[in-house]
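Quick notes on the structure that follows.
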Amino acid sequence: MSNRPLLSNATRPATVEVESVNERGERLATAIAGEHPLTIYLDKRELVTLMTLGQCPEALAIGYLRNQRLVRSLAEIRSVQVDWDVDSCAVTTLAGVEDLDAKMEKRTVTTGCGQGTVFGDLMAEIDSVA
């Protein structure tokens, strides 16, 4: 059995076209970055909605779960399936996430350019980070 998850490869175009007006008053079609919401479900449980350009959304979801210490490796993930019709990403693990309820009880909203969310008590693991 492969230790790589099944991925949907559901890429979206990185830009959308909008009408703009230049300095001469001419209307032009202009490509701009297009952000899309992507709600991540972990084992059928809504976790978070991330904003994304839509390139490699499966990698975004896996990276987010790894960054939040919800999964430790790819070997724990069965599949990552993105459906842009409903702006969602379903991540299925092989054996569930240990203490998911406890991790979801403690959420910290971070400051910065955009608000972030951190699950669980990451400071408890600070000494183990190399």
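Name the residues in the stretch 48-57 that are buried (at least 16 other Cβ atoms within 10 Å of the Cβ) and out of contact with any Ser or Thr (no Cβ under 9 Å at 6 or more places or on another chain), would you? Spell out the reasoning first.
Within the stretch 48-57, the first condition is being buried (at least 16 other Cβ atoms within 10 Å of the Cβ), and the residues that meet it are 48, 50, 52-54, 56-57.
Passing the criteria: only THR52.
Selection of the stretch 1-30 for residues being among the polar types (S, T, N, Q), in contact with a Leu (Cβ under 7 Å, 6 or more places away or on another chain) and open to solvent by 90 Å² or more (accessible area, probe 1.4 Å) yields only ASN3. List, please: which pairs have Cβ atoms under 7 Å, are six or more places apart or on different chains, and start with a residue in the stretch 80-93 that is on the phi < 0 side of the Ramachandran plot and end with one that is of a type in the set (D, E, K, R) and part of a strand (DSSP E or B)? Qualifying pairs under 7 Å: THR92/ARG78; THR93/ARG78.
Residues checked against (1) acidic (Asp, Glu); (2) surrounded by fewer than 17 Cβ atoms within 10 Å (Cβ to Cβ); (3) not in a strand (DSSP E or B):
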residue: ILE32; (1), (2), (3): no, yes, no
residue: GLU46; (1), (2), (3): yes, yes, no
residue: ILE62; (1), (2), (3): no, no, yes
residue: LEU70; (1), (2), (3): no, no, yes
residue: ALA75; (1), (2), (3): no, yes, yes
residue: ALA90; (1), (2), (3): no, no, no
residue: ALA102; (1), (2), (3): no, yes, yes
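Exactly one residue out of LEU50, LEU28, LEU6, LEU60 is in contact with a helix residue (DSSP H, G or I) (Cβ under 9 Å, 6 or more places away or on another chain) and of a type outside the set (Phe, Trp, Tyr), and it is LEU50. Every condition in (1) at pLDDT 95 or above; (2) part of a helix (DSSP H, G or I) holds for VAL80 except the one numbered (2). Suppose we keep only residues that are touching a strand residue (DSSP E or B) at 6+ places or on another chain (Cβ under 8 Å) and of a type in the set (Val, Ile, Thr) within the stretch 7-34. Which one would you say is nearest to GLY63 (Cα to Cα)? So, considering only residues that are touching a strand residue (DSSP E or B) at 6+ places or on another chain (Cβ under 8 Å) and of a type in the set (Val, Ile, Thr), the one nearest to GLY63 (Cα to Cα) is THR15.
The values are calculated or read from the model by the stated rules, or taken from the named source; none is laboratory data. Just so we're clear, the structure is a prediction, and the values are computed from it rather than from any experiment. Here the Cβ is made from the backbone with ideal geometry for all residues, glycine too, and neighbour counts use every protein chain on show. Heavy atoms of the whole protein, side chains included, go into the accessibility calculation; ligands, DNA and RNA do not. Shrake-Rupley method; radii C 1.70, N 1.55, O 1.52, S 1.80 Å.
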